1. Enumerate the residues in segment A:86-108 having an amide nitrogen under 16 Å from the point lying 7 Å beyond the Cα of A:Ser146 toward its Cβ.
2. What are the ³J(HN,Hα) couplings of segment A:6-13, residue after residue, when phi is run through the Karplus curve with 6.51, -1.76, 1.60 and θ = phi - 60°? Round to Hz, x for glycine and proline.
3. Which residue, B:Leu85, B:Leu32, B:Leu104, tops the fluctuation ranking in a GNM of chain B built on C-alpha contacts under 10 Å?
4. Provide the per-residue ³J(HN,Hα) series for segment B:30-39, in order, calculated from phi with Karplus coefficients 6.51, -1.76, 1.60 and θ = phi - 60°, each as a whole number of Hz, with x at glycine and proline positions.
5. Choose one answer from B:Val208, B:Val11, B:Val151: the residue with the largest mean-square fluctuation in a GNM of chain B with alpha-carbon springs under 10 Å.
6. Go through segment A:48-153 and name the chymotrypsin sites (Phe, Trp or Tyr not before Pro) that are in a DSSP coil and have 11 or fewer other Cβ atoms within 10 Å of their Cβ.
7. Give me the accessible area buried between chains A and B, both sides summed, with a 1.4 Å probe, in Å² rounded to the nearest 100.
8. Leaving ligands, DNA and RNA out of it, report the carbon-plus-sulfur percent of the accessible area of the protein assembly as shown at a 1.4 Å probe.
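The values are calculated or read from the model by the stated rules, or taken from the named source; none is laboratory data. Everything numeric here is computed off the predicted structure, so don't read it as measured data. Heads up, the Cβs are rebuilt from the backbone with ideal geometry, glycines too, and the neighbour counts pull from every protein chain shown. We work out accessible area using only protein heavy atoms, side chains counted, and drop any ligands, DNA or RNA first. Shrake-Rupley method; radii C 1.70, N 1.55, O 1.52, S 1.80 Å.
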Amino acid sequence: MATNNELIRVVDVVKEYNKGEVKALNGCSLTVNRGEVVAIVGSSGSGKSTMLRCLNMLEVPTSGHIYFDGVDLADKNVDINLHRRKMGMVFQHFNLFPHKTVMQNIMLAPVHLKLKTKAEARAKGEELLKRIGLLEKANEYPNMLSGGQKQRIAIVRALAMEPEVMLFDEPTSALDPEMVNEVLDLMRDLAKAGMTMVVVTHEMGFAREVADRVIFMDGGQILESNTPEKLFDHPQNPRLKDFLSKVL
Amino acid sequence: MNFAVIGQNIVKLWLKYWDKFLITGMEYTLSLAALTVFFGAIIGSMIALMRMSKIPPLRWIAAVYTELIRGTPMLLQLYLFYFALPQLIPFLNRKQYLCVAIALICNSAAYVSEIIRSGIQAVDIGQTEAARSLGMSKSLTMTEIILPQAVKNILPALCNEFIMITKDTSLASTFFIGDLMTQVLLVKGATYLTFEPLVIAAAIYFVVTFILSKLVALLERRMRRGDIR
Ligand SMILES: Nc1ncnc2c1ncn2[C@@H]1O[C@H](COP(=O)(O)OP(=O)(O)OP(=O)(O)O)[C@@H](O)[C@H]1O
Ligand SMILES: [Mg+2]
């Protein structure tokens, strides 16, 4: 049964669109332990984003269960808002709030959800901004920032909620090449600090270096799940071999 | 047509009746338009909320209402309301202005609800996803994230609706409610001149809507600048 080390357990999740015409997920199961970094790789349309977005119910699975801290999030009686607080999410296109300053972006949720007083939230925001070297941008609006800065702020905004897990959906895909590293560096630091992370990524080098486990998805299914060394150097599944021959 | 005579008549009419056109007529026209857009916006917001609601019957009612209003001529709606309202609500008996105003408001509400709905839907879905993934509730997301951004789309469109209504109120002159077109009819009755009062009214409508649309363009530009900050 569930060890207390287990944070997320996905059981037989199916996600259909257009009344079953599209099967984005076709029976996926996986577990994520506390402190673990899991990378999800696979070709376009294989269901990676859908998998990740099911974890915090941005997509509601057609069937199956998602246990977070032992609670089944797919249960309709569960107040999903309470659980989402503990799951930070970072998007490909940052999704910073353009009408709020950097500091307001960071403080908004903790203050409105009454997790922190204004002063506490500000102090936390300053500490986080200092850590990524962007404290002087606190009162700027997002449109004044570069892509790499925006994404790092988006990560910090999620961290301000003090989440138990961070979910990343291709956080560097929308960035100019010269800005990719500043974001990957921050994610690397997070991983080192022991943050539980699930990362959908096209950065194979990053997956190999930082992930404890890599998952390969294809056609809405998890075809292989292994340590980066084994998955990248000794792939078993022919689809994975094919995929790796194209991306490596 | 003798242009010299027409020109002289216009000047004469203007000197004699300018206050009827410019003050009385415009006062009715603009106040009716403002009243219409104000209450149209309030009711339109409620219809927009219904249309985006999770409860299907609310959605259907709102959709049917909007389509009915948008699918029938305004003049016909004015007639319908003008004759039906006093029958349904005795209080409105011989209150022509109110009946016409209510008809205009009901008409405008349908269009405004579409303005509001599309203004809200034009906000990037990623904004909602980001807010919800932080644990914010639907209503908090709406008030803190979506509406402040939607206002930038909605406000200029609402002002354009005001300009449209300013012109549409002329239809209400069928019922002699005192607006600019009603003044045209009155002056026509007093002077037996048909063409000249129309020219004066056209000029006033044009100048007013022209100025208003320039102001809206200015507003639009400022709102867009707000985006870039
Ligand atoms: N809202 C939707 N409606 C219909 N089909 C969808 C929807 N979202 C995703 N799909 C389909 O589900 C499948 C999986 O999509 P998903 O976005 O999870 O892929 P992905 O692995 O993240 O791809 P990418 O690398 O391009 O981001 C695709 O075939 C996609 O077309
Ligand atoms: Mg994706």
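1. Taking a point 7 Å out along Cα→Cβ of A:Ser146, no residue of segment A:86-108 has its backbone N under 16 Å.
2. The phi angles translate into 7, 9, 10, 10, 9, 10, 6, 7 Hz.
3. Greatest mean-square fluctuation among the candidates belongs to B:Leu85.
4. 6, 5, 5, 5, 5, 4, 4, 5, 4, 6
5. B:Val11
6. Passing both the DSSP loop test and the Cβ count: no residue.
7. That pair hides around 2000 Å² of surface in total.
8. Ligands and nucleic acids excluded, carbon and sulfur reach 59 percent.
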